[in-house]
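A.B. asks: Sharing a structure, written as structure tokens. Questions coming.
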Amino acid sequence: TEFTLISQVDGVRIEPGDCITIEMEFLPKGQGMRTSRLEIDGDCDAKASILVQGEGLTPCEYDVKAQVDLGTIPLGQTPSFPINCVIRNEGLENLKGTLTAGGSPEITITSAALPLPFDLAPGECLDITVQVSASTAGTFSIVLNYGLVAECGTPTTVISVDVVEPNVSISSV
């Protein structure tokens, strides 16, 4: 069944005028509106029924690049890096969300203004371009969030770069 009673209600007495909360789990086996009826048997052959409904949604199917390492760059350079297919829709329906980023200000998304709403058709990817602009050496990173509906989970992508101070020394001539 698609609806499972979670609450323990056997032997629970409800006084006239009182109410109780009943918790149910809904695991749809198909898309669209799903319906079931909760039957309640009381004392003295009293019976009641409650209609329960839920909507079965299209499953979210996607592939996300969890980590993107931009490598090492010298301090003072401001390179741009295209990152192809940070998220790909692998489902049969459109995948909608909103791209946001947080973390080191040294890495910025330059291909689009954030937050960036996206609507990917089946098989489509979201491509971005990031730029690194650091004033000090170090390891910097940002985290991309995709803002998918809660049922899809919360995938993220971590983009990192090492910025190094170039040092050249000549030991002998």
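The values are calculated or read from the model by the stated rules, or taken from the named source; none is laboratory data. This one's a predicted model, so the numbers in the text were calculated from it and none came from an experiment. Counting neighbours? That spans all protein chains shown, and the Cβs are built from the backbone with ideal geometry, glycine included. Calculation scope for accessible area: heavy atoms of the full protein, side chains included, ligands and nucleic acids excluded. Shrake-Rupley method; radii C 1.70, N 1.55, O 1.52, S 1.80 Å.
A.B. asks: Identify, from the list P74, P122, the residue that is over 16 Å from T157 (Cα atoms), touching a residue at least 60 places away in the same chain (Cβ under 8 Å) and loosely packed, with under 14 Cβ neighbours inside 10 Å.
C.D. replies: P74
A.B. asks: Which pairs have Cβ atoms under 8 Å, sit 6 or more apart or on different chains, and link a residue in the range 49-71 that is touching a residue at least 24 places away in the same chain (Cβ under 8 Å) and surrounded by 11 or more Cβ atoms within 10 Å (Cβ to Cβ) to one that is among the small types (G, A, S) and not in a strand (DSSP E or B)?
C.D. replies: G56/G30; T58/G91; P59/G91; C60/G91; C60/G153; E61/G91; Y62/G91
A.B. asks: Right, another one. Please count how many residues of the range 52-109 are polar (S, T, N, Q) and not in a strand (DSSP E or B). Quick ask: steps written out before the conclusion?
C.D. replies: Looking only at the range 52-109, we keep the residues that are polar (S, T, N, Q), and these are 53, 58, 67, 72, 77-78, 80, 84, 89, 94, 98, 100, 104, 108.
Filter again for not in a strand (DSSP E or B), leaving 58, 77-78, 94, 104.
The total comes to 5.
A.B. asks: Being small (G, A, S) and at pLDDT 95 or above is the filter; apply it to the range 136-173 and report the residue that is farthest from D119 (Cα to Cα).
C.D. replies: Among those that are small (G, A, S) and at pLDDT 95 or above, it is A137.
A.B. asks: More than 29 Å from the chain's Cα centre (by Cα), farther than 19 Å from I83 by Cα and open to solvent by 60 Å² or more (accessible area, probe 1.4 Å), is that true of V149?
C.D. replies: Details: more than 29 Å from the chain's Cα centre (by Cα): no; farther than 19 Å from I83 by Cα: yes; open to solvent by 60 Å² or more (accessible area, probe 1.4 Å): yes.
Judged against the criteria, V149 is not a match.
A.B. asks: If you don't mind, there's one more thing I want to ask. So which of L92, L114 is hydrophobic (A, V, I, L, M, F, W, C), under 30 Å from M33 (Cβ atoms) and open to solvent by 50 Å² or more (accessible area, probe 1.4 Å)?
C.D. replies: Values: L114 fails: under 30 Å from M33 (Cβ atoms).
Checking each option against the conditions leaves just L92.
A.B. asks: Are there any pairs with C-beta distances below 9 angstrom linking a residue in the range 1-28 that is under 15 Å from K47 (Cα atoms) to a residue that is at pLDDT 85 or above and open to solvent by less than 80 Å² (accessible area, probe 1.4 Å), with the two at least 6 apart or on different chains, and if so which?
C.D. replies: Sorted first by the residue in the range 1-28, then by its partner, the pairs are V9/I20; V9/I22; V12/I20; I14/I20.
A.B. asks: If you take the residues of the range 33-47 that are in contact with a Leu (Cβ under 9 Å, 6 or more places away or on another chain) and either loosely packed, with under 12 Cβ neighbours inside 10 Å or in contact (Cβ under 8 Å) with a residue 40 or more places away in the chain (or both), which of them is nearest to L5 (Cα to Cα)?
C.D. replies: My answer is R37.
A.B. asks: Can you confirm whether the range 149-159 contains a residue that is under 30 Å from G56 (Cβ atoms) and touching a helix residue (DSSP H, G or I) at 6+ places or on another chain (Cβ under 9 Å)?
C.D. replies: no
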